[in-house]
1. Order ARG381, ARG258, most accessible first, counting only protein heavy atoms with a 1.4 angstrom probe.
2. Explain nothing, just the number: dipole magnitude of the chain about its Cα centre with +1 on each Lys and Arg Cβ and -1 on each Asp and Glu Cβ, in debye rounded to the nearest 20.
3. Tell me the relative contact order for the chain as a rounded percent, counting alpha carbon contacts under 8 Å between residues six or more apart.
4. Provide the percentage of antiparallel DSSP beta bridges, counting only those with both residues in the range 54-206; round to the nearest 5.
5. Might you tell me the accessible area per residue for the range 27-78, computed with a 1.4 Å probe and given in Å²?
6. Specify the residue with the greatest mean-square fluctuation among GLY304, GLY205, GLY40, computed from a Gaussian network of the chain linking alpha-carbon atoms under 10 Å apart.
7. What length, rounded to one decimal in nm, is gained on full extension from THR343 through to ALA12, with 0.36 nm per residue of separation minus their alpha-carbon distance?
8. Stretched out fully, how many nm does the piece from LYS326 to ARG152 gain, at 0.36 nm a residue minus the Cα gap?
Amino acid sequence: MTPGREPLPPWAGRRVVLGVCGGIAAYKSVQVARDLTLRGATVDVVLTDAARRFVAPMSFEGVTGHGPLIDIFAVGDAALHVSLGREADCVCVAPATADFIARAASGRASDLLTTVLVATDAPVVIAPAMNDRMFAHPRTRASLAVLEEDLRYRRVGPAEGRLAAGEGSGPGRMVEPATIVDAVGRALGDGGPLAGSRVLVTAAGTREPVDPVRYLGNRSSGKMGYALARAAWLRGAEVTLVSGPSTVPVPYGVEMVRVETALEMCDAVLERVGGVDVAVHAAAVADYRPRVPRTEKVKRGVAGDALTVDLVANPDIAAASAARMKAGSVAVGFALETSELLTRARRKLDAKGFDLIVANRAGEKGAGFEIDTNRVTIIVRGEQPRELPVMDKFAVACEILDVVEERLA
Ligand code: CTP
C-alpha cells in the first residue's frame with residue numbers, strides 16, 4: 001500500500017459526497033475522489049451537466065468503484081438527493097464554479113448537486129476555481145459571503161497561480177487535491193476529541209550559527225513533527241507548528257512559526273505553551289551552540305589545520321515548558337537513542353515532565369531521520385510500553401494522538 005494512503009481517521013468509514021462542477025480543474029477532482037477512497041471514505045460523486053464536458057464519468061467510477069450520479073430525474077431514484085444529503089458526513093464541491101456558487105448562495109435546487117446541498121445538514125467544503133476576474137467580481141464575492149455566513153460552509157482556496165491556458169495568473173486556481181482531502185478530513189474530524197483544543201508542535205532540527213555561512217545542525221527533516229501537526233489539525237485542534245528549517249510542505253490550516261536556532265525556538269515555545277492543551281516536542285534541538293558566532297567567515301588560511309569552536313549548552317525547551325503548562329494539559333516528548341532505548345526514554349519522561357514519550361532507535365531500518373516511515377515505542381507514565389511496527393509517519397502520528405486523546409479525556 002502507498003505510504004500515507006492507508007485507511008485512517010478521520011476519513012475511514014465516512015461518507016463523502018464529492019460534487020464536481022464544469023471547470024478545467026475538474027480533472028484534478030478525479031485525484032480527490034481517488035485519495036478520499038484510498039483513505040477509507042465512501043465517495044459518492046455527483047457531476048453537474050457541465051462537469052461531464054470536462055471529465056468522463058468513467059474516470060470517477062474507476063477510482064471510487066461506483067459510477068457518479070448526474071441526473072436528478074433518474075427513474076427509480078426519486079429521493080436520491082435526499083438520501084445522499086442525509087447519509088453524507090461531508091459534502092465537498094471541487095471545483096466550485098462561479099455559477100455553482102451563485103446557485104448555492106441563492107438556495108437554488110436546480111440540479112442534483114444543488115439539491116443535495118439543500119437537503120443536507122453535513123458540513124460543506126467548497127474549493128472555488130475560476131478565472132481571477134470572475135473570482136474578483138462583486139456578485140461572486142457577495143455569493144461567497146452568503147455561503148460563509150452559514151457555519152457549515154468552509155472555503156478552501158482559491159490559490160494564486162497560473163490559470164487556464166491563455167490566461168495569466170491570479171487568485172482563482174483550485175487548491176491542490178491533497179489540500180482538499182485535508183479540508184474534508186478537518187470537516188469530518190471537527191466533532192472529534194481534539195476539537196477546540198490548542199496543540200503546539202515543535203519540529204525539525206535547529207541550526208546554531210558558527211559564522212555567517214556555517215552552522216551546527218542535525219539530520220532531522222521535520223517529517224514526524226509536521227505529520228503530528230497535520231494529524232492534530234485534522235482532528236479539529238487549533239495547531240501551531242514551531243519549526244526549525246525544513247523543506248516539508250506546511251500542513252494546511254496549521255499556524256506556522258519558523259525559527260532557526262534553539263534560542264529562537266525556546267522563545268517561540270515558552271511564549272505560547274502556557275495556553276495549550278497539548279505540547280508535542282518533536283524537534284531535534286541542538287544541545288549546544290557556539291558561544292559567540294563569528295561575525296566574519298572562518299578562513300581556512302587563518303584557522304590552519306585544526307579549529308576549536310567553543311560551545312555552550314542550549315536551554316532544554318521541553319523541560320522549561322513543563323513548568324508553564326496548565327493543569328490537565330498533556331506533554332509529549334521524543335527520545336532518539338542509539339542504545340538502552342527504553343531505560344533512557346523512561347529517564348527522559350521523568351526528567352522533562354512528559355506525560356508520554358515516543359522512543360525510537362537511531363539508525364534502525366525504516367525509522368528515524370529523513371524518511372517517511374518510523375518505528376516507535378510509546379511509553380506512557382506508569383503503563384506498559386506500546387511497541388508499534390514500522391509505519392508511515394502520519395500513521396505513527398495518529399497512534400500518538402490516540403494516546404494523547406486518552407490522556408486528555
Ligand atoms: N529537547 C528540548 N530541548 C533541548 C533538547 C531536547 O526540548 N535542548 C526535547 C526534544 O524535543 C525531545 C526530548 O527533549 O522531545 C528529548 O530530546 P533528546 O535530544 O533525545 O534528549 P536530550 O535532552 O538532548 O538528551 P541526550 O542528549 O542525553 O540524549
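1. Numbers: ARG381 100, ARG258 135 Å².
Listed by decreasing accessible area, they come as ARG258, ARG381.
2. Values: 49 positive and 49 negative charges, 146 e Å.
In total the dipole reaches around 700 debye.
3. Working: 912 pairs, mean separation 46.1, N = 409.
11 percent.
4. Working: 4 of 11 bridges.
Approximately 35 percent, going by the DSSP bridge assignments.
5. With all protein chains present, the range 27-78 gives 51 Å² per residue.
6. So, out of GLY304, GLY205, GLY40, the one fluctuating most is GLY304.
7. Numbers: separation 331, 0.36 × 331 = 119.16 nm, distance 3.60 nm.
Value of the extension gain: 115.6 nm.
8. Details: separation 174, 0.36 × 174 = 62.64 nm, distance 3.15 nm.
Contour length minus the Cα-Cα distance gives 59.5 nm.
The values are calculated or read from the model by the stated rules, or taken from the named source; none is laboratory data. Because the structure is a prediction, the values reported are computed rather than measured. Backbone-built Cβ (ideal geometry, glycine too); neighbour counts: all protein chains shown. With ligands, DNA and RNA removed, areas are computed over all heavy atoms of the protein, side chains included. Shrake-Rupley method; radii C 1.70, N 1.55, O 1.52, S 1.80 Å.
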